[in-house]
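> Okay, handing you the structure first.
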Amino acid sequence: MMRTIVLGILLVFVHILESTLFEYIRIGGIGPNFMIMIIVSFALLRGSKEGMLIGLVAGLLYDISFGLHIGPTMITYMLIGYTCGKFNKNFYRENFIIPFICTLISSLFYSMVNIMALVLRGTLNFGYFIKSVMIPELIYTITLSLIVYQIAYSINEKIEERERDSRNMF
């Protein structure tokens with residue numbers, strides 16, 4: 001219960017920051033995708049089911065706030081959370097290489113989904129999108145992912161410690 005509340009508050013908080021204060025850390029109009037960083041971090045720490053649920057909530061928040069339709073970002077984020085969560089069992093939590101690689105691949109996947117959506121709408125300037133949007137966002141996201149993973153790791157450790165303490169009350 002505690003975990004659900006903390007992660008829910010974290011997602012809403014990051015969503016609000018991403019659409020307000022984080023606008024000021026954009027470079028050339030491009031900002032990092034903090035939601036992907038959060039989804040990947042907690043999916044790796046908590047597993048595929050929780051990763052998928054975190055992706056669902058994060059995508060729903062995005063689709064409700066910014067999307068033309070409810071569902072596309074939600075499904076994309078759910079797939080990212082589920083897939084990254086599969087590495088939970090074979091993953092040394094203090095290792096920062098796997099979160100970095102998963103964030104890189106997830107960000108690429110998210111950009112590819114956006115490319116497909118723009119192609120279907122017929123509004124894509126492919127070269128411009130790759131050079132001016134996709135690559136800078138990818139670099140920005142993976143650079144900050146190590147910091148976000150450390151924060152997520154600390155939050156997860158505190159949640160697990162509280163859960164252990166509440167189970168050992170008697």
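> For the pair Leu17/Phe126, report the inter-label distance in nm, with labels modelled 7 Å from Cα in the Cβ direction.
3.7
> With an 8 Å cut-off on Cα pairs and a minimum separation of 6 or more residues, tell me the relative contact order of the range 10-99 in percent.
Relative contact order for the range 10-99 comes out at 30 percent.
> Ordering Asp63, Asp165 by how much accessible area each has at a 1.4 Å probe, largest first, what is the list? Show your work: numbers first, answer last.
On the way: Asp63 5, Asp165 95 Å².
If we order Asp63, Asp165 from most to least accessible, we get Asp165, Asp63.
> Quick one: what are the phi-derived ³J(HN,Hα) couplings along the range 58-66, Karplus 6.51/-1.76/1.60 with θ = phi - 60°, whole Hz, x for glycine and proline?
Rounded to whole hertz, the list is 4, x, 5, 4, 5, 5, 5, 7, 10.
> Mind checking the angle between helix 34-46 and the chain's longest principal axis? C-alpha axes, 0 to 90 degrees, to the nearest 10.
Between the helix axis and the principal axis of the chain, the angle is about 30 degrees.
> Per DSSP helix of 4 or more residues, -39500 (n - 2.57); summed, then divided by the residues of the chain. What does that give at 222 nm, rounded to the nearest 500? Let's see the in-between values first.
Details: 6 runs with 121 residues, N = 170.
Helix contribution divided over all residues of the chain: -24500 deg cm²/dmol.
> If you take the beta carbon distance between Met2 and Gln150 as r and set R0 to 25 Å, what does 1/(1 + (r/R0)^6) give as a FRET efficiency, to the nearest 0.05? List each step's numbers first, then the result.
Numbers: r = 21 Å, r/R0 = 0.85.
The value I calculate is 0.75.
> Sticking with this structure for a sec: Please work out the FRET efficiency for the pair Met116 and Asn168, using the Cβ-Cβ distance as r and a Förster radius of 35 Å; give the result to the nearest 0.05.
On the way: r = 49 Å, r/R0 = 1.41.
FRET efficiency, Met116 to Asn168: 0.10.
> Separate question: From the phi of every residue in the range 142-158, what ³J(HN,Hα) in whole Hz does the Karplus formula 6.51 cos²θ - 1.76 cosθ + 1.60 yield, where θ is phi - 60° and glycine or proline is x?
5, 5, 7, 4, 5, 5, 4, 4, 4, 5, 4, 4, 5, 4, 5, 4, 5
> What's the ranking of 69-79, 112-122, 36-46 by average number of surrounding C-beta atoms within 10 Å, highest first?
Numbers: 69-79: 18.4, 112-122: 12.8, 36-46: 27.5.
Ranking the peptides 69-79, 112-122, 36-46 by packing returns 36-46, 69-79, 112-122.
> Summing Lys, Arg as +1 and Asp, Glu as -1, what charge do residues with Cβ under 12 Å from the Cβ of Glu163 carry, Glu163 excluded?
Value of the local net charge: +2.
> Explain nothing, just compute: Karplus ³J(HN,Hα) = 6.51 cos²θ - 1.76 cosθ + 1.60, θ = phi - 60°, for every residue of the range 73-89 in order, whole Hz, x for Gly and Pro.
Per-residue couplings from phi come out as 5, 4, 5, 4, 5, 4, 4, 4, x, 5, 5, 5, x, 5, 7, 4, 6 Hz.
> Hey, what's the chain come to in accessible area per residue, 1.4 Å probe, Å²?
Averaged over the residues of the chain, the accessible area is 58 Å².
> Report, to the nearest whole %, how much of the accessible area of the range 16-170 belongs to carbon and sulfur atoms, 1.4 Å probe, protein only.
Roughly 67 percent, rounded to a whole number.
The values are calculated or read from the model by the stated rules, or taken from the named source; none is laboratory data. Predicted model, so just to flag it, every value in this text is computed and none were measured. Note that we place each Cβ from the backbone using ideal geometry, even for glycine, and neighbour counts take in every protein chain shown. Areas reflect the complete protein model, heavy atoms only, side chains present, ligands, DNA and RNA absent. Shrake-Rupley method; radii C 1.70, N 1.55, O 1.52, S 1.80 Å.
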